[in-house]
1. Can you tell which of A24, A43 is exposed (fewer than 13 other Cβ atoms within 10 Å of the Cβ) and closer than 22 Å to A111 by Cα?
2. With respect to the numbered conditions (1) touching a Ser or Thr at 6+ places or on another chain (Cβ under 9 Å); (2) in a strand (DSSP E or B), which one is the sole condition not fulfilled by D287?
3. Only one of these conditions is not met by P163: (1) in contact with a Cys (Cβ under 6 Å, 6 or more places away or on another chain); (2) within 21 Å of G254 (Cα to Cα); (3) not acidic (D, E). Which number is it?
4. Evaluate the range 122-135: report whether one residue or more is surrounded by fewer than 24 Cβ atoms within 10 Å (Cβ to Cβ) and assigned to a helix (DSSP H, G or I).
5. Only one of (1) more than 15 Å from the chain's Cα centre (by Cα); (2) of a type outside the set (G, A, S); (3) at pLDDT 95 or above fails for Q206. Which number is that?
6. Tally up the residues in the range 178-191 that are touching a helix residue (DSSP H, G or I) at 6+ places or on another chain (Cβ under 7 Å), not small (G, A, S) and not in a loop (DSSP other than H, G, I, E, B), please.
7. Do we find that Q195 is over 22 Å from C114 (Cβ atoms) and either of a type outside the set (V, I, T) or buried (at least 19 other Cβ atoms within 10 Å of the Cβ) (or both) in this structure?
8. Quick one: D67 ticks every box in (1) at pLDDT below 95; (2) more than 24 Å from L192 (Cα to Cα); (3) not small (G, A, S) bar one, so which box is it?
Amino acid sequence: MSVLGRQAALSSEMADVLRRITRAGRPHFHHMTPLQARQAYAAGAGVLELPSVPMARAEALRIPSRDGAALHAMLWDPQARTSHDDAHEPRPVLVYFHGGGFTIGSVATHALLCQRLASLANCAVVSVDYRLAPEHPFPTAHNDAWDALQWLHAQASALGLDPARMAVGGDSAGGTLSTACALHARDEGLPLSLQLLFYPGCSPHQEWPSHHLYATGFMLERESIDYFFSHYLQQAGDRDNWRFAPLVAPDLQGMAPAWVGLAECDPLFDEGLAYADRMRFEGVSVDLEIYRGVVHGFVQMGRAIPQAREAHAHAAQALRQAFQTEPA
C-alpha cells in the first residue's frame, strides 16, 4: 500500500482503461475552464458504467437552501410508491452527494450509480445537486448538503421515506460532504444509520505519500486536485476547516457508523485510510474495504472493472445491514 511508500500495481483491466483514455487524447480538467470541465465530465459519464436499472419511482425534488436557492434533487426507488401512499411501510433512504472536486459533476453524471445502489440495497436514493465552485465557493457546497439533509429528514414522511432509516453517502468530494454532514447530524441530534464513503477527501493538505506516488497517470491528477481546490477555497484558512477537511475535526466520537471504500492507486488513499483509522480509534464503527489495483473514480466503471461491481455489492450490503432490509 502507498503508506509503505511503494506504488501499487494496476489491475490488468484498470491499466487497459487508462491506456484507452490516454489514446483518446482528451485534455485534463486543469487545462479547461470550469464550464468546459463540466461539459467534458458530463459527456464521459456513463461510458464505462453498467446499464441503467429500471426504477419504479423517479421523482424530481426541489429543496430549499438557507439563502433561498432551490436545489435540484432526484429520488429513485426500485419500489413504486407515491408521496400520498400510506398503505406501505416508509422506505429507507440514502442521501447521496456526487463527486467532482466541488467544481464538476451533477445528479445526471451519477444517476446510474445511484440507481444501481438503490436496486442492490432495496432502498430509496435521493441524489442532490449542490451548487458548484467557482460560482459558489466554500462553504456553499457543504451548506447546501447539510440544508438538503435536514429538509429531507423533516419531509421524509410526506415523501414516503423513513426518517429513522436514513443514510448519507457520496464519492470523493461527495464523500467529504457526507461525512461532514454526519458530524453536523451528530451535533444536532439528527439520526443517521450509516455514512457511505467512496474514496472521500479528508485532509487539509495534499502531502500524504499517496499524493506523490499517484500524482500523474492514475486518473485523478495532482494538478487537477489543485485546480478544483483553487476554485472552491477562497481563503487560506478554509483548508483547515473541518467542513472541508474532516480529518482535522476536533472530535469524531458519536458519529454514525461508516462504510469506507478506497481505491488502492489513488492520491486520496492515505488520507482516506487515516480518516477511517481515526474514526475507529474514537469509537466509530467502521467497515473498510480496499480495492486493489484500481484508481480514483473506479466505482463508475462497472462495465470494465470487476472491482467496481464488488464495491457496489459491498456498499449495498452495508446499506441493507444498516437499514435491516432484505434484497429486492
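1. The conditions single out A43.
2. Unmet for D287, out of (1) touching a Ser or Thr at 6+ places or on another chain (Cβ under 9 Å); (2) in a strand (DSSP E or B): (1).
3. All conditions are met except number (1).
4. Within the range 122-135, not a single residue is surrounded by fewer than 24 Cβ atoms within 10 Å (Cβ to Cβ) and assigned to a helix (DSSP H, G or I).
5. (3)
6. 4
7. Against the criterion (over 22 Å from C114 (Cβ atoms) and either of a type outside the set (V, I, T) or buried (at least 19 other Cβ atoms within 10 Å of the Cβ) (or both)), Q195 does not qualify.
8. (1)
The values are calculated or read from the model by the stated rules, or taken from the named source; none is laboratory data. Keep in mind the model is a prediction, meaning the values are calculated, not measured. Cβ atoms come from the backbone with ideal geometry, glycine included; neighbour counts cover every protein chain shown.
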